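Trainee: The structure's right below; bear with me while I get my questions together.
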Amino acid sequence: MLFSVRMRAAQGGAHEVGGKHISGAERLVKKECLSTLAAYMLERALTHSRGEADFINITVEAVACSAIRKIKCLAIQTVAVDHIAAGRAAAREKLIQAGVTRQAAAKGLELLTGLTHSLRGAMLVCAATGKRLDKTGERGVRVSRMDVEDEQAYHHWLSRQGYQNIHIKEALVLASKVSSAPGIRAELCWSDDPEYITGYVASPAGYTRITHLKPFGSEVGGRIFFVAPNAAVDEITAYLENQPVLVQVAESEGSSDAFSD
Ligand code: PML
């Protein structure tokens, strides 16, 4: 048995009563890790660069191992750009390569740039029209119940490729789960951390980091999941929110080709 641990923190009261989102985290861990992890999550919510939380919710739920789906980690590529306009143009092209229409890619970018504050979850958008499909409003769809299968192997795999920071570690697990959902064509994300300007486009073909997607100092970030036209939005949402997933990395050096199923 594993335990799903979900943390969300806000300032000015709970999210439900209009508090500002400060931090969130998702893990799937063994029982013996629970108290250390809960203490780490509390500390993180109280010392975040978005501000100090005054509402912190940590939910712990048992998950049967038989319910867990194992999926492969997406391979990483980094595209270095000098400024936001170049970053957003690169993001648009990546989305188009992943099967999002030019119109939907432009609308998705508009939706993210048009936010005045960060959503806790993601917007689901049609990959053909760019129309928002989920009905979750200010909350967004929150991707939950995921982790890596072997934390040490994951950290080695990342650091062999020169990647160390917590943003990548967490975002790549989330993006791998999102890309494994039925009907997902691509994801576009940039951080709500004011000090972090790298964002990414992910799709079943891989995870492309783009080094400049938002202005330094901006607290507004978010995620758009582009879904195939006529995809079952309720089914995708249920998978993203409820299906427990463990992400596996390839065992041999920095390559995701080395998997044996
Ligand atoms: C986040 O931390 O909120 C999103 C991180 C996006 C980019 C992560 C990366 O550097 O690959």
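The values are calculated or read from the model by the stated rules, or taken from the named source; none is laboratory data. Here the structure is a predicted model, which means the values were calculated and not measured. We place every Cβ from the backbone using ideal geometry, glycine too, and count neighbours over all the protein chains shown. For the accessible areas, the whole protein counts, side chains as well, though only heavy atoms, and no ligand, DNA or RNA atoms are used. Shrake-Rupley method; radii C 1.70, N 1.55, O 1.52, S 1.80 Å.
Trainee: Does the stretch 125-136 contain at least one residue that is under 26 Å from Ala10 (Cβ atoms), more than 13 Å from the ligand (Cβ to nearest atom) and open to solvent by less than 10 Å² (accessible area, probe 1.4 Å)?
Mentor: Yes.
Trainee: Same structure again: Go through the stretch 213-232 and count every residue that is surrounded by 15 or more Cβ atoms within 10 Å (Cβ to Cβ) and over 21 Å from Val173 (Cα atoms).
Mentor: Going residue by residue through the stretch 213-232, those that are surrounded by 15 or more Cβ atoms within 10 Å (Cβ to Cβ) are 213-214, 218-228, 231.
Right, trim to over 21 Å from Val173 (Cα atoms) and you get 214, 218-220, 228, 231.
Selection size over the stretch 213-232: 6.
Trainee: Output the residues belonging to the stretch 67-87 that are within 18 Å of the chain's Cα centre (by Cα) and open to solvent by 50 Å² or more (accessible area, probe 1.4 Å).
Mentor: Arg69, Lys70, Lys72, Gln77, Thr78 - these are the residues of the stretch 67-87 that are within 18 Å of the chain's Cα centre (by Cα) and open to solvent by 50 Å² or more (accessible area, probe 1.4 Å).
Trainee: Regarding the stretch 198-212, can at least one residue be identified that is surrounded by fewer than 18 Cβ atoms within 10 Å (Cβ to Cβ), free of Cβ contacts under 8 Å to residues at least 40 places away in the same chain and within 16 Å of the ligand (Cβ to nearest atom)?
Mentor: No, the stretch 198-212 contains no residue that is surrounded by fewer than 18 Cβ atoms within 10 Å (Cβ to Cβ), free of Cβ contacts under 8 Å to residues at least 40 places away in the same chain and within 16 Å of the ligand (Cβ to nearest atom).
Trainee: Please indicate, with yes or no, whether at least one residue in the stretch 141-163 is within 9 Å of the ligand (Cβ to nearest atom) and either under 11 Å from the mean Cα position of the chain (by Cα) or not small (Gly, Ala, Ser) (or both).
Mentor: Yes: one or more hits.
Trainee: Checking the condition charged (D, E, K, R), surrounded by 15 or more Cβ atoms within 10 Å (Cβ to Cβ) and within 16 Å of Pro204 (Cα to Cα), which residue from Glu170, Glu187, Glu149 passes?
Mentor: Numbers: Glu170 fails: within 16 Å of Pro204 (Cα to Cα); Glu149 fails: within 16 Å of Pro204 (Cα to Cα).
The match here is Glu187.
Trainee: Return a yes/no flag: does the stretch 85-98 have any residue that is more than 19 Å from Ala186 (Cα to Cα) and among the basic types (Lys, Arg).
Mentor: Looking for residues that are more than 19 Å from Ala186 (Cα to Cα) and among the basic types (Lys, Arg), one finds none in the stretch 85-98, hence no.
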